[in-house]
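Quick notes on the structure that follows.
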Amino acid sequence: LREITGFKAKWHIFIVLLIIVILTAALSAIATDKENDSISDTGFNQTEKILAMSPNFQDNCLHIFFIDVGQGDSALIESSGHYLLIDAGDNDHGEKVVSLLKDFGVSRLDYVIATHPHIDHIGGLDTVIDTFDIETIIMPPVGHNTGSFRELLDAINRKELEITSPLVGTDYKLGAAAFTIITPVSSYGENLNNWSVGIKLIFGETAFILCGDIEKEAEADIIADSGDLAADVLKISHHGCNNSTSDEFLRAVDPTYAIISCGADNPYAYPDEETLTKLADAGITLYRTDIDGTIICTSNGSFLTWTTLKKK
Ligand SMILES: [Zn+2]
């Protein structure tokens with residue numbers, strides 16, 4: 001009888017333990033769900049920040065962050081503790097770009113390029129300029145009658161920055177890397193996209209081309225003007241619109257990788273199917289901020305490695 005009672009007691013303990021295990025598992029599952037919810041609510045979530053910090057800035061590599069700013073453009077380039085920021089998305093994304101840069105420990109930007117005065121490129125730049133020390137700001141010699149552009153000029157004036165006009169062929173040093181202005185080659189009247197400041201960035205044997213929103217006309221001028229356009233990475237102009245990325249320009253750059261910066265379900269339906277087909281036909285590996293989130297490219301001077309930050 002004593003033995004039977006002992007068995008019953010053990011059995012009860014087992015059931016109690018089982019219930020505890022099930023409850024613990026259920027509670028931790030709920031907690032994980034909550035964590036995921038809070039992550040998706042904030043633009044640059046904790047996971048992104050941690051992952052983004054993982055490339056070690058002391059590794060003597062070049063780092064390029066194609067920052068997910070929805071429908072717009074923003075790229076941060078770092079070499080040996082020196083920084084170049086190209087655009088900062090629209091007004092709604094200025095704070096996000098600033099908070100990401102702060103997380104990286106940035107206090108000073110060697111260069112800021114405001115490619116052209118459209119809101120999806122310069123909207124967030126006033127917040128950036130108000131926050132960080134800026135050495136050189138490069139902007140094309142064109143204006144735009146919008147509140148966002150006036151805010152950009154106001155921020156530049158508050159900091160008493162002198163605007164540098166892009167002069168094609170001018171070389172700038174960025175840590176152990178260097179970039180050359182390759183566009184605007186000509187004057188483009190009312191077409192602000194074609195006025196975009198474009199660069200060829202070189203680090204060791206690796207090269208990158210980023211040209212804002214230039215269209216086929218400006219691309220043709222670059223081909224006629226520039227020598228070697230060959231690059232490993234091409235930031236596709238104008239969010240993948242079929243007005244840009246001519247066959248000739250794509251052949252001249254002949255990239256292995258391409259980046260399209262655009263927003264999910266954007267009102268322009270960028271990128272255009274024609275552009276995507278063209279890149280696929282050329283066997284180019286494509287990364288997209290609308291699909292991949294913020295994209296990090298790391299170059300050791302010979303090889304490129306890629307990290308994308310969105311959970312798929
Ligand atoms: Zn744009």
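Brief remarks on what is shown
- So G94, is it within 16 Å of the ligand (Cβ to nearest atom), touching a Lys or Arg at 6+ places or on another chain (Cβ under 9 Å) and either in a strand (DSSP E or B) or without any contact (Cβ under 8 Å) to a residue 60 or more places away in the chain (or both): no
- Test: residue in region 267-280 that is modelled with pLDDT of 95 or more and closer than 12 Å to F66 by Cα: no
- Some residue of region 192-199 being more than 12 Å from the ligand (Cβ to nearest atom) and over 18 Å from P117 (Cα atoms): no
- Among (1) at pLDDT below 95; (2) among the hydrophobic types (A, V, I, L, M, F, W, C); (3) assigned to a strand (DSSP E or B), the one test that F44 misses: (3)
- Comparison of G204, G189 shows that the only residue that is in contact with a Gly (Cβ under 6 Å, 6 or more places away or on another chain) and either more than 21 Å from G123 (Cα to Cα) or not acidic (D, E) (or both) is G204.
- One residue stands out among those in region 120-151 that are in contact (Cβ under 8 Å) with a residue 40 or more places away in the chain and within 18 Å of the chain's Cα centre (by Cα): the one that is farthest from the ligand (Cβ to nearest atom), which is V128.
- Any hit, region 161-173, residues being under 22 Å from the mean Cα position of the chain (by Cα), more than 27 Å from S299 (Cβ to Cβ) and surrounded by 20 or more Cβ atoms within 10 Å (Cβ to Cβ): no
- One residue stands out in region 99-123 among those that are in a strand (DSSP E or B), out of contact with any Ser or Thr (no Cβ under 8 Å at 6 or more places or on another chain) and not β-branched (V, I, T): the one that is surrounded by the fewest Cβ atoms within 10 Å (Cβ to Cβ), namely R108.
- Residues that are within 22 Å of S186 (Cα to Cα) and of a type in the set (V, I, T) within region 119-152 comprise I122, I137, I138, V142, listed in sequence order.
- Residues being over 17 Å from T277 (Cβ atoms), away from the ligand (no atom under 16 Å from the Cβ), crowded, with 21+ Cβ neighbours inside 10 Å and not small (G, A, S) - total across region 230-252: 1
- Residue satisfying all of: in region 289-303; in contact with a Cys (Cβ under 7 Å, 6 or more places away or on another chain) and not acidic (D, E); surrounded by the fewest Cβ atoms within 10 Å (Cβ to Cβ) among these: N300
- Any hit, region 170-180, residues being within 16 Å of the ligand (Cβ to nearest atom) and either farther than 18 Å from P255 by Cβ or not aromatic (F, W, Y) (or both): no
- Among the residues making up region 256-281, those that are within 17 Å of A207 (Cβ to Cβ) and touching an Asp or Glu at 6+ places or on another chain (Cβ under 8 Å) are T256, Y257.
The values are calculated or read from the model by the stated rules, or taken from the named source; none is laboratory data. Keep in mind it's a predicted model, so treat the numbers as computed, not measured. Positions of Cβ are backbone-derived with ideal geometry, glycine not excepted, and every protein chain shown enters the neighbour counts.
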